[in-house]
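Asker: Have a look at this one.
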Number of protein chains: 2
Amino acid sequence: MAKIEGVCREVCEATEFVAIVTSGEAGPHLVGNWGDYMRLLGIREDIIVFPAGRYRQTEENLRKNNRIQLLVASKKVRGSRSPGQGCIIDGTAEVLSTGEIVEAVKAKFPWARGALVVHVEEVQSQL
Amino acid sequence: MAKIEGVCREVCEATEFVAIVTSGEAGPHLVGNWGDYMRLLGIREDIIVFPAGRYRQTEENLRKNNRIQLLVASKKVRGSRSPGQGCIIDGTAEVLSTGEIVEAVKAKFPWARGALVVHVEEVQSQL
């Protein structure tokens, strides 16, 4: 199982936002979250947590198909040939509304209705 | 048909990167491109162009299902309640390898094998 380390950790530490894709009956569903929010909750080696505000469609999609993909990117991290690197993070996820992780999220984001918890399985740098 | 204007244009002018999602047999396919590259090619009201380096899976997906979604976001643009705004841009797209648009892309990005041309249909601010 891949981990958030090396260049991908560098990109996670630098990305301004995160693109989050789930799969629904109507096709891919794309939402975003802020890199700052992800970092404030602490990026573990194989778990990434986001505060969930709305994410109703994301939650519904994950209930039927728990696969998720994230894209993080930053010009501040050097790619193999030029400045700028992106990483695709692949795994499974769930939207939680109770429990320890949710309490930690609500302590920092009082507006959150829950937590989007991503279990990282694969990490691929792009450039 | 929605256009790239107002807050969405502001976000397009500010976003560091762009998340690009197409739909394939294996599910959603997520790739990225740089905001700078999109801006260098000129963001028209209803057409966005990216240099295509690899994008083989994206191209294959678009041949069977030409729907595409983009996410752009920036903390520099004010959302309705706090700093930071994101926009989902929905439309159709194709990867072109010849023609006027491709010549314009190659003049600025000699490494490009073609152009990813997005025809914008819907624009939604997120925050």
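The values are calculated or read from the model by the stated rules, or taken from the named source; none is laboratory data. Since the structure is predicted, the reported quantities are computational estimates derived from the model, not experimental observations. Cβ coordinates were reconstructed from backbone atoms using ideal geometry, including for glycine residues, and neighbour counts include every protein chain displayed. Heavy atoms of the whole protein, side chains included, go into the accessibility calculation; ligands, DNA and RNA do not. Shrake-Rupley method; radii C 1.70, N 1.55, O 1.52, S 1.80 Å.
Asker: Given the range A:1-86, what strands (runs of 3 or more DSSP E) lie entirely inside it while holding 2 or more residues that are within 29 Å of B:Trp111 (Cα to Cα) and of a type in the set (A, V, I, L, M, F, W, C)?
Answerer: A:17-24, A:67-78
Yes/no matrix, rows are residues, columns are (1) among the hydrophobic types (A, V, I, L, M, F, W, C); (2) more than 14 Å from chain A (Cβ to nearest Cβ); (3) open to solvent by 30 Å² or more (accessible area, probe 1.4 Å); (4) closer than 22 Å to A:Cys87 by Cβ:
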{"position": "B:Cys8", "(1), (2), (3), (4)": "yes, no, no, no"}
{"position": "B:Ala19", "(1), (2), (3), (4)": "yes, no, no, yes"}
{"position": "B:Thr22", "(1), (2), (3), (4)": "no, no, no, yes"}
{"position": "B:Arg56", "(1), (2), (3), (4)": "no, no, yes, yes"}
{"position": "B:Asn66", "(1), (2), (3), (4)": "no, no, yes, no"}
{"position": "B:Ala73", "(1), (2), (3), (4)": "yes, no, no, yes"}
{"position": "B:Gly79", "(1), (2), (3), (4)": "no, no, no, no"}
{"position": "B:Gly86", "(1), (2), (3), (4)": "no, no, no, yes"}
{"position": "B:Ala104", "(1), (2), (3), (4)": "yes, yes, yes, no"}
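Asker: Would you please list the contacts, defined by Cβ atoms under 8 Å and residues six or more apart or on different chains, that run from a residue in the range A:57-77 that is on the phi > 0 side of the Ramachandran plot to a residue that is crowded, with 21+ Cβ neighbours inside 10 Å and in a loop (DSSP other than H, G, I, E, B)?
Answerer: none
Asker: Give the number of residues within the range B:106-127 that are surrounded by 12 or more Cβ atoms within 10 Å (Cβ to Cβ) and touching an Asp or Glu at 6+ places or on another chain (Cβ under 7 Å).
Answerer: 4
Asker: Okay, moving on. Could you list all residues from the range B:88-102 that are loosely packed, with under 14 Cβ neighbours inside 10 Å and not in a loop (DSSP other than H, G, I, E, B)?
Answerer: Correct list: B:Glu100 only.
Asker: Additional query: I'd like the full set of residues that are in contact with a Leu (Cβ under 9 Å, 6 or more places away or on another chain) and over 16 Å from B:Gln69 (Cα atoms), limited to the range B:16-51.
Answerer: B:Pro51
Asker: Considering only the range B:59-75, I want to know if a residue exists there that is in contact with a helix residue (DSSP H, G or I) (Cβ under 7 Å, 6 or more places away or on another chain) and under 13 Å from B:Ala115 (Cα atoms).
Answerer: no
Asker: Taking the range B:24-41 on its own, how many of its residues are open to solvent by 30 Å² or more (accessible area, probe 1.4 Å) and not charged (D, E, K, R)? Can you show your working first?
Answerer: Of the range B:24-41, the ones open to solvent by 30 Å² or more (accessible area, probe 1.4 Å) are B:25-26, B:29, B:32, B:36-37, B:39-41.
Of the ones still in play, those that are also not charged (D, E, K, R) are B:26, B:29, B:32, B:37, B:40-41.
Residues that pass the stated criteria total 6.
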